[in-house]
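First the structure, in the form of structure tokens, and then the observations on it.
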């Protein structure tokens, strides 16, 4: 494969294979939509449910920054195979987890296996993306990661009945993950575009990377976006019920449909315009949407805001990841993309905790006005990205073999 072919081609067999593995991985996370209901069927204290549910994310949050520097395009294929096997094994182990301690150990093991798989797939995927097509690439990737949450939960009741219970669903998920192994035949060695990013980075390199102002700003913005998204996700249903909305769940259906649609339709456009300007507009758009959530008074406005915010989320999330890819030195691209996902995980912790406190003391208007204010702070930080790629852009292109 010559350099020009690497540059010109995005949707290759390898890109397809890695995205399919990622889709299967997220599907076996989405099946845990019914996990709390399953826990209630076991001889467990209900006060332990939250801890058992949260252990998985806690392990991911702790391990991702530790392992990210060591999983690279050079060794990712091996670790994808190993972690797929471990994920399959942990899914089967749920059949034997009937008390608190065994279930806790299985949740920790599952979280560890998942994060190794997620980091390894992303390290390999990032190495295969041409720099001038990062917007389109991460638009596709973000659709792949959202789809399981739109498709799997509605079919779980039927699937659970057909499989004989939640244990059976997890066994089916484990069987589905077996498809990952033949797909690995399409995953090649390091690309010519990844030669400079194939080796591991040490702690000195990481410190140097984190001195880059634009990387720090992008990490902050990722945390801001996810910390303001999660209060809507976790508290939106109750807000809709308070507004007498017949079925608040439609808010999330509409927002998800809009997210997927804008990424499929506009993904290629992300690379034709200045991503920093697109980012600023989407942050301002979301700030307006959160003010609307504070003021909304009825079902029509509530559903309309689902579409409005879905459009903003559909743009800002892949744009943040694409910008992180664009401004990173080639050897730090996989690391920084994984750190951006670490901010996603942190947002799922910070958002509900801070949002819950605001909701308790000020109600929904205070919660959403705070989200809008935080988004405006993020908007003020966005101009710090200006000029960060000049002077390094030519180095990135040369190093990437584009």
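The table for this structure:
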| quantity | calculated |
| --- | --- |
| Residues residue 85 and residue 349, FRET efficiency given R0 of 30 Å [Cβ-Cβ distance, rounded to 0.05] | 0.55 |
| Full-stretch length increase - residue 250, residue 147 - with 0.36 nm per residue and alpha-carbon distance subtracted | 35.5 nm |
| Estimated 222 nm signal from helices in the chain, with DSSP H stretches of n ≥ 4 weighted -39500 (n - 2.57), rounded to 500 | -25500 deg cm²/dmol |
| Calculated FRET value between residue 62 and residue 242, using beta carbons and R₀ = 45 Å, to 0.05 | 0.80 |
| Rg ratio (alpha-carbon, reference 2.2 N^0.38 Å) - the range 207-400 | 1.07 |
| Extended-chain gain in nm, criterion 0.36 nm per residue less alpha-carbon gap, residue 175 and residue 269 | 30.1 nm |
| Inverse of mean 1/r across different Cα pairs in the range 297-345, Kirkwood, Å | 12.6 Å |
| Protection proxy ranking, peptides 370-379, 336-345, average beta carbon neighbours within 10 Å, highest first | 336-345, 370-379 |
| Where only C-alpha atoms are counted, convex hull volume of the range 242-342 per residue in Å³ | 107 Å³ |
| Sequence ranges 147-156, 53-62, ranked by mean other-Cβ count within 10 angstrom, highest first | 53-62, 147-156 |
| Packing-based ranking, highest mean first, of 295-302, 323-330, 87-94 given that Cβ atoms within 10 Å are counted | 323-330, 87-94, 295-302 |
| Along principal axes, Cα extents of the range 3-200, largest first, whole Å | 59, 34, 27 |
| Computed label-point distance, nm, for sites residue 96 and residue 234 using a 7 Å Cα→Cβ extension | 3.4 nm |
| Calculated on alpha-carbon atoms, Rg and Dmax of the chain in Å | 21.0, 61 |
| FRET efficiency for residue 185 and residue 284, using Cβ-Cβ distance with R0 set to 60 Å, rounded to 0.05 | 0.85 |
| The range 5-76 pair-distance distribution - Cα-Cα, 10 Å bins, rounded % | 14, 30, 30, 17, 7, 2 |
| Separation in nanometres of the label points that stand 7 Å from Cα toward Cβ, at residue 207 and residue 53 | 4.1 nm |
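Here, each number is a calculation from the coordinates, and none is a lab measurement. Computed from a predicted structure; not experimentally measured. Positions of Cβ are generated from backbone atoms using ideal geometry, with glycine treated the same way; all protein chains shown enter the neighbour counts.
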